[in-house]
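Input: a single structure, listed below in structure tokens.
The values are calculated or read from the model by the stated rules, or taken from the named source; none is laboratory data. Everything numeric here is computed off the predicted structure, so don't read it as measured data. Virtual Cβ from ideal backbone geometry, glycine too; neighbours counted across all protein chains shown.
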Amino acid sequence: MTLTSTASPDVLVLGGGLVGSAVAYGLAREGARVTVLDEDDGGLRASRGNFGLVWIQGKGYGLSPYARWSRSSATRWPGLAQALLDETGVDVALRQPGGFHFCFNDNELAERDKRLSTLQAELGDYPYQMLDAAEVRARIPHIGPAVIGASYSPMDGHVNPLKLLRGLHTAMQARGVRLVSGERAERIEPQAQGFVVHGRRGTYRAARVVLAAGLGNRALAPFVGLDAPVAPNRGQVLVSERVARFLDYPTLNVRQTDEGSVQFGDSMEEVGFNDFTTTHVLTDIARRGVRAFPMLQHVRLVRMWAALRVYSPDGFPIYDHSAAHPGAFVVTCHSGVTLAAAHALRVAPWIMGAPMPDELPHFSARRFEHAGELTPAH
Ligand SMILES: Cc1cc2nc3c(=O)[nH]c(=O)nc-3n(C[C@H](O)[C@H](O)[C@H](O)COP(=O)(O)OP(=O)(O)OC[C@H]3O[C@@H](n4cnc5c(N)ncnc54)[C@H](O)[C@@H]3O)c2cc1C
């Protein structure tokens, strides 16, 4: 059976997670005809298991263009959220009141200040404050005595990430994007006039192809002369029953969702393609959450899961256009919620021929060619 339509799209997007959907939505806004191929429910899907932060503070330590890139997305986020609401009726519950990173000892506080002051020195306009316990308590009355201080930045926020995925899927399809669910791209064949993608169920053609398949990009990239050395990094998350509103700000490891439940989680583990939960990590996550907010000690937990982040060797995104096969692009990152607005509103126009955004040359996978051992960053 072939699913190839007679009118080929302009662009094939491989992967329908947050990255592929944001790019496809942006491409449709540019007037492109787009088909998205998305593997079935057996695929790995960070987009359905994440924490929902639109987070800026601390990001880009060691590569300040990443801080600029992330911030350019955060400032475009209100426009994206409003467009999704107008076009689909889906309210992704964007709130950007600023975010807190709690510290539990003097070393953490000093380390935090060092990281943020370095970024501020490099970037200039980079608002943040270091707060002592009393100053934190004045804004978040329920914090526990173990919190000795925090960094706060007005740049941070959060959304409901499942509503975001639904909003992007609905909006892109309303703009004519064809979403082929349950279709895995197995092979890409570059041709003189574009690309043929061989899926499990059919064959698809387009002048341009965008690799946005998360951890699947690693296998797809070599077909088009690209490199996407991404690997899994497991994160585990706990969710509580709904409780009365007590927390107006997102924090790095505890946030209260728009629906009232509390999410806990900030674990990072290198355990390969294993997305099982483990009791000891979940216990640690819960313990840290209760240290920050002792009043949550008896809250009932209703769900827990693990999901795999899409990590490059240095933790920064990979954006590339193939020199060997022009028209083939790779877009991959580990902050697909934060960067959704940049993907829709800055990466998509570039794919359609607009100048490359200034920050993007820093994120080519060519940076790994001569790299030794790298430490993942945020
Ligand atoms: C626990 C956790 C917490 C996180 N918290 C945050 C956060 O607070 N803020 C933030 O910004 N980011 C966060 N992230 C990261 C964020 O979820 C990811 O960056 C984002 O979901 C990546 O989206 P993606 O589309 O690249 O990948 P995925 O969601 O993995 O989607 C890839 C899609 O491609 C499909 N696919 C794969 N191979 C193929 C193929 N060959 N053919 C067709 N389809 C294919 C898959 O089925 C999948 O649907 C978190 C991640 C985790 C795991």
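For the range 277-293, which residues satisfy the criterion of being hydrophobic (A, V, I, L, M, F, W, C) and more than 23 Å from Asn160 (Cα to Cα)?
In the first step, residues of the range 277-293 are kept if they are hydrophobic (A, V, I, L, M, F, W, C); the result is 281-282, 285-286, 290, 292-293.
Passing the criteria: only Val281.
Return yes or no: is Leu215 within 9 Å of the ligand (Cβ to nearest atom) and within 30 Å of Gly327 (Cβ to Cβ)?
Yes.
Tally time: how many residues in the range 223-250 are within 13 Å of the ligand (Cβ to nearest atom) and not hydrophobic (A, V, I, L, M, F, W, C)?
6
Taking His158 as the residue in question, decide whether it is over 30 Å from Val11 (Cα atoms), crowded, with 17+ Cβ neighbours inside 10 Å and within 13 Å of the ligand (Cβ to nearest atom). Give the steps one after another, and end with the answer.
Details: over 30 Å from Val11 (Cα atoms): yes; crowded, with 17+ Cβ neighbours inside 10 Å: yes; within 13 Å of the ligand (Cβ to nearest atom): yes.
Taking the combined requirement at face value, the residue satisfies it.
Could we say that Leu85 is hydrophobic (A, V, I, L, M, F, W, C), under 23 Å from Gly315 (Cα atoms) and either more than 16 Å from the ligand (Cβ to nearest atom) or assigned to a loop (DSSP other than H, G, I, E, B) (or both) here? So that I can check it myself, show each step before the final result.
Details: hydrophobic (A, V, I, L, M, F, W, C): yes; under 23 Å from Gly315 (Cα atoms): no; either more than 16 Å from the ligand (Cβ to nearest atom) or assigned to a loop (DSSP other than H, G, I, E, B) (or both): yes.
No: the conditions fail for Leu85.
Would you mention how many residues in the range 185-217 are over 11 Å from Val13 (Cβ atoms) and assigned to a strand (DSSP E or B)?
Within the range 185-217, residues that are over 11 Å from Val13 (Cβ atoms) and assigned to a strand (DSSP E or B) number 13.
Restricting attention to the range 248-266, does a residue exist that is farther than 19 Å from Pro161 by Cα and modelled with pLDDT of 95 or more? Full working, then the answer.
First, pick out the residues of the range 248-266 that are farther than 19 Å from Pro161 by Cα: none.
The answer is no; no qualifying residue exists.
I want to confirm something. Restricting to the range 179-212 and keeping residues that are among the polar types (S, T, N, Q) and modelled with pLDDT of 95 or more, which single residue is nearest to the ligand (Cβ to nearest atom)?
The selected residue is Ser181.
Kindly indicate the residue of the range 1-22 that is closer than 11 Å to Arg208 by Cβ and modelled with pLDDT of 95 or more and also surrounded by the fewest Cβ atoms within 10 Å (Cβ to Cβ) among those meeting that condition.
Asp10
Please determine whether any residue of the range 308-324 is within 16 Å of the chain's Cα centre (by Cα) and free of Cβ contacts under 8 Å to residues at least 40 places away in the same chain.
No, the conditions are met nowhere in the range 308-324.
Can you give me the number of residues within the range 73-114 that are polar (S, T, N, Q) and farther than 30 Å from Gly289 by Cα?
2
Report, ordered by the first and then the second residue, all pairs with beta carbons closer than 7 Å, sequence separation of six or more or different chains, a first member in the range 31-55 that is among the β-branched types (Val, Ile, Thr), and a second member that is within 6 Å of the ligand (Cβ to nearest atom) and at pLDDT below 95.
Final answer for the pair search is none.
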